[in-house]
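What follows is a short report on a single structure.
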Amino acid sequence: MNKKMTSLILMAALMSPGIGCWADDTNATGNNNAPLEHPVNAYTNHEVKEDIKDSQENSQKAAEAKASYKQAKSDYEKSLKDNGATSQVTKDAKKRMHDAHKEMHKYNKKTAEANKETREDEMKAHQQ
């Protein structure tokens, strides 16, 4: 028992100075992110983070728009079946469906652009 405790204390004493040196200043892109030492890396890494954030926000909005579009489409089809194509209710439902489709397309496009920018910025970060 005494031997185990001694070895444990010895290991702890030897490891504690080394733990401070264990991590370096690199981040997920493999660059040093200290803004004063490497301002270009810090800016590039900031761009990557912002692009990822934009992509996530636009993906969420696109998912909401898709759900809205599906609901508007089912409302339009129900109105078409119940009221006919010439009814004002059906025309309004069709307009809502088209507006929801445009919104869904807009957010899908923004998501794709943010993903493209993320890939480009990550490539820049790895090249530096």
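Under the classification rounded if a/c is under 1.5, otherwise prolate if a/b is larger than b/c and oblate if not, where does the stretch 45-128 fall, given a ≥ b ≥ c as square roots of the Cα gyration tensor eigenvalues? It comes out prolate by the Cα gyration axes. Converting phi to 3J(HN,Hα) with the Karplus coefficients 6.51, -1.76 and 1.60 and the offset θ = phi - 60°, the stretch 47-55 yields 4, 4, 4, 5, 5, 5, 4, 4, 4 Hz in sequence order, with x at every glycine or proline. For LYS95, the lysines whose Cα comes closer than 24 Å to its Cα, not counting residues fewer than 8 places off in the same chain, are LYS61, LYS66, LYS70, LYS73, LYS78, LYS81, LYS106, LYS109, LYS110.
A short reminder: the numbers here are calculations on the coordinates, not readings from a lab. Note that the coordinates shown come from a computational prediction; the quantities given were computed from them, not determined experimentally.
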